[in-house]
Amino acid sequence: MIQGFNHNIKYRDIIFHIQTEDFGEKLAQIVTHVFIEGNIIATVKSSYVDVVNVAQVKGIVRQMMEKQHKKLLKDLISGGYEKEIDLFLGPKTLTKPDQAIHILEQQKKTEPPHISENKQKSILDANKEQDAEATLDQLILSFLDKENR
């Protein structure tokens, strides 16, 4: 069994712990975990059963462990575990400026408002009725005005 690797790394203002272990030649397996607050959010396992009988097995396993450990570190800081983080912590909450930007972006995605043909017709008809009523009112007023003279 080869001594493992442990690193703490800050990402999204959270301290993550990455741990890589060798489970020995009997199991011939390397396991790397990503932790938040002591809870595992991701695990990667690799077998080295095909190199157990090689003379340089310890050197090969050590290189495999380093490669796997570094890969998970890189994956974490490049956003590769966002779903897992959000499942554990809950989705990121938006700050007020982010909320405003989000609302504006959503508004851009929706179609601009338009009036359907039926709605346009009903608006025009309503305007004609109002104009007709205004004309009728004017006629009545002018008639009454003439009678009062």
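Where a number appears in this text, it was derived from the coordinates with a stated rule and is not lab data. These figures come from a predicted structure and were not determined experimentally. Glycine gets a Cβ as well: all are built from the backbone with ideal geometry, and neighbour counts include every protein chain shown.
For the subset of segment 63-76 comprising residues that are surrounded by fewer than 18 Cβ atoms within 10 Å (Cβ to Cβ) and free of Cβ contacts under 8 Å to residues at least 40 places away in the same chain, which member is farthest from H7 (Cα to Cα)?
By that ranking, first place goes to Q63.
Restricting to segment 29-62, count the residues that are within 17 Å of H7 (Cβ to Cβ) and part of a helix (DSSP H, G or I).
Qualifying residue count for the region: 1.
Of everything in segment 21-41, what is under 26 Å from K83 (Cβ atoms) and either surrounded by fewer than 15 Cβ atoms within 10 Å (Cβ to Cβ) or touching a Leu at 6+ places or on another chain (Cβ under 8 Å) (or both)? Give them in sequence order.
T32, V34, I36, E37, G38, N39, I40, I41
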